[in-house]
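So the structure is just underneath, and the comments pick up after that.
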Amino acid sequence: MSPFHFSRLFTQDVGISPGRYLGAVRMFEAKRLLVESSMNICDIVHSVGYNSVGTFTSRFTRLVGMSPREYRKPPVGRLLVAMSKDFNRMPRAAELAGLHSSAPDRAGRGTGSVHGTIELPRAIPDGQVLVGVYAGDVPQGRPVAFRVLPTAERMPFTIHGTPPGEWNLVALAMRVGATRGGDAMVGSLPHRLTVRQNMNTWTHLSMRRMKSTDVPLAISLAPAPVAETATLVCG
């Protein structure tokens, strides 16, 4: 088939274009290798399909909110929520204790709250769900506001400290710890959520089991560190 026809069919079935899907797959694999492997960053960059380290570093930093080098710091991996067809990770409740669900400068007056219910086809034993508010429809960086809850078939939730604007609401549910395969569920609204200043927004989110064609996601809840100025140079 023609590239145009393929792209149209792919986008209809998966929800995003082939190019954006490939970019998300590459970004997920780079995050996984940064957290799980001892490979040097230059080798990671080339292994996920980038020819330019500078291009990758700029794109990674813009999408994720921190540089690849910063992503290797222990708090990032400890607070990583990852979901793909063969690798899942959810931090334990003790690791999330005391974590702010929104940035300090967004948690006070002038923000809104998102209230709603989440429905799962079934509860996940020893599972948790991350429901977060994101600027992009393919989450890459820390959500602007979020909530982590123990899974149940029906869960009320409230996300405080959400800035006014148009946002995407995405929920990921799985067992705590790191697993290969197993139960993993995802849910998102088919439209962007409008949040207004000092007002409550109500919604409902139904979750489903992850499909093999779903975009893999890796989101660290660790706050972004102070930006580094060093330039990565590969020999």
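May I ask for the Rg/Rh ratio of the chain, computed from Cα atoms with Rh as the Kirkwood radius, given to two decimals? Walk me through the intermediate numbers first.
Values: Rg = 17.8 Å, Rh = 18.5 Å.
That ratio equals 0.96.
Computed over neighbours whose Cβ is under 14 Å from that of Pro91, the net charge equals +4, Lys and Arg +1, Asp and Glu -1. In summary, the aspartates and glutamates within cross-link reach of Lys211, defined as a Cα separation below 14 angstrom excluding same-chain residues under 8 places away, comprise Asp13, Asp86, Asp183. Put simply, the amide H of Gly161, placed in the peptide plane, has neighbours under 5 Å in Gly112, leaving out anything fewer than 5 places away on its chain. Computed over the chain, relative contact order equals 24 percent, with contacts defined as Cα pairs under 8 Å that lie 6+ residues apart.
When a/c reaches 1.5 or more, the comparison of a/b and b/c decides; with that in mind, is the range 23-70 rounded, prolate or oblate per its Cα gyration tensor? The shape class here is rounded.
Tell me the net charge near Met185. Cut-off is 15 Å between Cβ atoms, Met185 excluded, with +1 for each Lys or Arg and -1 for each Asp or Glu. Each step should come with its number before you reach the end.
Working: positive: Lys85, Arg89, Arg122, Arg154, Arg175, Arg208, Arg209, Lys211; negative: Glu119, Asp126, Glu153, Asp183, Asp214.
Surrounding charge for Met185 is +3.
Counting only helical runs of four or more DSSP H residues, what would the 222 nm mean residue ellipticity of the chain come to if each run contributes -39,500 (n - 2.57) and the total is spread over all its residues? Value at 222 nm, helices only, nearest 500: -7500 deg cm²/dmol.
When only Cα pairs below 8 angstrom with a gap of at least 6 residues are kept, the range 35-86 shows a relative contact order of 29 percent. Phi angles across the range 17-32 convert, under the Karplus curve 6.51 cos²θ - 1.76 cosθ + 1.60 with θ = phi - 60°, into 3J(HN,Hα) values of 6, x, x, 5, 5, 4, x, 5, 5, 5, 5, 4, 5, 4, 4, 4 Hz, Gly and Pro given as x. Candidate cross-link partners of Lys73 among the lysines, defined by an alpha-carbon separation under 21 Å and a same-chain spacing of 8 or more, comprise Lys31.
Scalar couplings 3J(HN,Hα) for the range 82-98, obtained by applying the Karplus form with A = 6.51, B = -1.76, C = 1.60 to θ = phi - 60°, are 10, 9, 8, 5, 9, 8, 10, 8, 9, x, 6, 4, 5, 6, 8, 4, x Hz; x denotes Gly and Pro.
Since every read-out is calculated from the coordinates, none of them should be taken as a lab result. Treat the numbers as computed from the prediction; the structure is a model and nothing was measured. For neighbour counting, all protein chains shown are included, and Cβ atoms are generated from backbone atoms with ideal geometry for every residue, glycine included.
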